[in-house]
């Protein structure tokens, strides 16, 4: 599933490709992708003659800001957007096509068919599901250490599933949780309330740095991810833990371990990320 860096890369690309374009009509080939409204004809009529002002992001969701509406799109496992000419052949697994007045087309493809789209009146999208309960935005200036500590610092949950929970911090999936915990030297099974202030500070900084570096690299091309222009991200070449089981740790040389935490494949260094179960006193 694309995580924050991949979705941010798609957002930036889509802004270059479609901002300022006016939708002439829409065709939906797979109705279940359209979640709100639940009628595809109404979905198409609402978008007709709307101009895309900008494309924003909230966590792993794309927000197409139109004249009067906001289209909220989640790519899920393998959703992709691409800009095409009207004479370009329509590829397999293309489920939604936005036809623009300049004869170009924004096409949404999704092999796994898990993606979703919701339409809201502009400004209402943050007040209702699926965006209503989302947590802190880690690349926003509002992501301060204090708010991060207040959100997770006293919870008895293991730190990895806590960071994967989008109600606390948004956009961090399996790849970047593993990388952030490695960078901070924290074992993925440590309980959040066992972390000292210093460890929480390291983790907060590691999350921001890891995600920022991944965005600059265009995300990670794990499995089938590409951006809106068909280009792959390159951050996978910088991964220190994720996907590197049995390879030597970049810090100590010991082999990276793979295990399962909260049902997710998890990668860490047993030496650099020791499992400490005794609660640390907060300072």
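Rounded, prolate or oblate for the stretch 4-121? Axes are the square roots of the Cα gyration tensor eigenvalues, ordered a ≥ b ≥ c, and the cut-off for rounded is a/c under 1.5.
Because its axes are fairly even, with a/c under 1.5, the stretch 4-121 counts as rounded.
How do 100, 64 rank when sorted from fewest to most other Cβ atoms within 10 Å of their own Cβ?
100, 64
Using a 7 Å offset from the Cα along the Cα-to-Cβ direction at both residue 155 and residue 258, what is the distance between the two label points in nm, to one decimal?
Label at residue 155, label at residue 258, 2.7 nm between them.
Given the stretch 4-121, what percent of its DSSP beta bridges are antiparallel, to the nearest 5?
Percent antiparallel among DSSP bridges in the stretch 4-121 is about 95.
Take the alpha-carbon centre of the stretch 124-147, take the same for the stretch 174-199, and report the distance between them in whole Å.
The two parts, judged by their Cα centres, are 21 Å apart.
Would you please classify the overall shape of the stretch 118-228 from the alpha carbon gyration tensor, given that a ≥ b ≥ c denote the square roots of the eigenvalues, rounded means a/c under 1.5, and beyond that prolate means a/b larger than b/c while oblate covers the rest? Walk me through the numbers on the way to the answer.
On the way: a/c = 1.90, a/b = 1.26, b/c = 1.50.
Oblate, since a/c reaches 1.5 and b/c is not below a/b.
Considering Cα pairs under 8 angstrom that are at least six residues apart, work out the relative contact order of the chain and quote it in whole percent.
Answer for the chain is 18 percent.
Report for the chain the percent antiparallel among DSSP-assigned beta bridges with both residues inside it, nearest 5.
Values: 41 of 45 bridges.
Antiparallel: roughly 90 percent of the beta bridges in the chain.
Indicate the gyration tensor shape class of the stretch 56-134 (rounded, prolate or oblate), computed on the Cα atoms with a ≥ b ≥ c the square roots of the eigenvalues: a/c under 1.5 is rounded; otherwise a/b larger than b/c is prolate and the rest oblate.
Details: a/c = 3.04, a/b = 1.49, b/c = 2.05.
Verdict is oblate for the stretch 56-134.
Please give the calculated 222 nm ellipticity per residue for the chain, where each DSSP H segment of at least 4 residues contributes -39500 (n - 2.57) and the sum is spread over every residue; nearest 500 deg cm²/dmol? Mind dumping the intermediate values first?
On the way: 6 runs with 68 residues, N = 283.
Calculated mean residue ellipticity at 222 nm is -7500 deg cm²/dmol.
Bear in mind that the values in this text are calculations on the coordinates, not laboratory data. Just so it is clear, the structure is predicted and the values come from calculations on it, not from any experiment. Positions of Cβ are backbone-derived with ideal geometry, glycine not excepted, and every protein chain shown enters the neighbour counts.
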